[in-house]
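Undergrad: I have a structure here, written as structure tokens, and I will follow up with some questions on it.
Nothing in this text is a laboratory measurement; each read-out follows from the coordinates by a stated rule. Because the structure is a prediction, the values reported are computed rather than measured. So basically every Cβ, Gly included, is an ideal-geometry build from the backbone, and we count neighbours across all protein chains shown.
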Ligand code: 5GP
Ligand code: MN
């Protein structure tokens, strides 16, 4: 994988560009791809953003989202674009399998794949150019660096600023996670200097849910959460019938895994959701407990040191049992309360 800087001088010659992200994109995945989209359009490139799957409604306000192609629904059009693209930017994921059914098309693409990502252990051999930096708060921060380092600060339009702000804010947990560096705050200060209005973005992301979603969360916290104080751990497990009963939509479970961390002493929080086709897991930790390795070891997943995910084809009951066994395997680390 060549350094991403080697692309800078090619930016001014118009190309066919595809930008993609991980399945079920979050604020950072959609924010970084659309931020880059609005930036590249200004050079006269022909740019299409493709999401491997649909996305949550709380992302629906982002400028340009109405132009994003949903690969599951527009597979033929997506394949055609991928086949003909000169550049395929892959943002906010480390392995091609994170694009689900799009993996094959990406794998077989003859043209250059370019990585911009902050997850651990990326498949660097799959990319012609790229940058991987796990110290970065978000892929949005990396797209911002790409714009600045390529000498194009003057191309940070309102749309670019809104998209990048949304991703850096959500991936830092509203600027509270340890990865929220001084550079993050400097970036936000710069966007503010350029005229970014941030409050409506928080409202669009966080104050846009349905009543059913709030009642669903109430039910989860009351009936679906177990706390294991001797392990400083809490687990939420959600059967598929709850998703149906409360009419849960894509994105409605986003952030739920963080709730148990508000209990004093809890340093590992997990959620396992029966999505029908698979049981999807998320893990969050505080301090020294490495959930990236935990997710990789027990749930075929990965992510970051303090935030990771995975999935299993086992039943929900089996997944819950496996989680408890895994937790017990780590009793020593988990039972010492040091953060
Ligand atoms: P979330 O729990 O919010 O879905 O994801 C937390 C972090 O772990 C994100 O950075 C996400 O990209 C990563 N992640 C989530 N699920 C998986 C997975 O199944 N495999 C891998 N490798 N990473 C995942
Ligand atoms: Mn991210």
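Undergrad: For the chain, take the longest principal axis of its alpha carbons; what is the angle in degrees between that and the long axis of helix 139-149, to the nearest 10 within 0 to 90?
TA: 30
Undergrad: Return 104, 211 ranked ascending by Cβ neighbour count within 10 Å, so the fewest neighbours appear first. Before the final figure, lay out the partial values.
TA: Working: 104 12, 211 8.
Lowest to highest Cβ neighbour count: 211, 104.
Undergrad: Restricting to Cα pairs below 8 Å that are 6+ residues apart, what does the relative contact order work out to for segment 170-280? Please round to a whole percent.
TA: 22
Undergrad: In what sequence do 55, 61 fall when counting other Cβ within 10 Å, fewest first?
TA: In increasing order of surrounding Cβ atoms, one gets 61, 55.
Undergrad: Still on this structure, please answer the following. Just for the Cα atoms in segment 125-269, what are the lengths along the principal axes, largest first, rounded to whole Å?
TA: Rounded to whole Å, the extents work out to 53, 34, 34 Å.
Undergrad: Calculate how steeply helix 316-329 sits against the longest principal axis of the alpha-carbon atoms of the chain, using the helix alpha-carbon long axis, and give the answer as 0 to 90 degrees to the nearest 10.
TA: 80
Undergrad: For the chain, what is the calculated [θ] at 222 nm in deg cm²/dmol (nearest 500), taking -39500 (n - 2.57) for each run of four or more DSSP H residues and dividing by its residue count?
TA: Estimated from H runs of four or more residues: -10500 deg cm²/dmol.
Undergrad: Also: Thinking of segment 123-170 as a set of Cα atoms, what percent of all their pairs are more than 15 Å apart?
TA: Every Cα pair in segment 123-170 considered, those over 15 Å come to 52 percent.
Undergrad: Also, quick follow-up: Rank the residues 298, 229, 71 as a footprinting-exposure proxy: fewest other Cβ atoms within 10 Å of their Cβ go first.
TA: So the residues, fewest neighbours to most, are 229, 298, 71.
Undergrad: Helix 182-193: angle to the longest alpha-carbon principal axis of the chain, degrees 0 to 90, nearest 10?
TA: 60
Undergrad: Something else about it: Just need the Rg to Rh number for segment 211-334, please, alpha carbons only, Kirkwood Rh.
TA: 0.94
Undergrad: Let me ask another. What per residue convex hull volume, in Å³, do the alpha-carbon atoms of segment 2-206 yield?
TA: It is 106 Å³ per residue.
Undergrad: Quick check on segment 48-156: what does the Kirkwood estimate of hydrodynamic radius come out to from the alpha carbon pairs, in Å? Walk me through the intermediate numbers first.
TA: Numbers: mean 1/r = 0.0670 Å⁻¹.
Hydrodynamic radius (Kirkwood, Cα pairs) of segment 48-156 is 14.9 Å.
Undergrad: Restricting attention to the alpha-carbon atoms of segment 23-111, what are Rg (one decimal) and Dmax (integer), both in Å?
TA: Every Cα atom of segment 23-111 included, Rg and Dmax give 12.3, 35 Å.
Undergrad: Return the equivalent ellipsoid semi-axes of segment 1-48 as a descending list in whole Å, where each equals the square root of 5 times an eigenvalue of the C-alpha gyration tensor.
TA: 21, 14, 9
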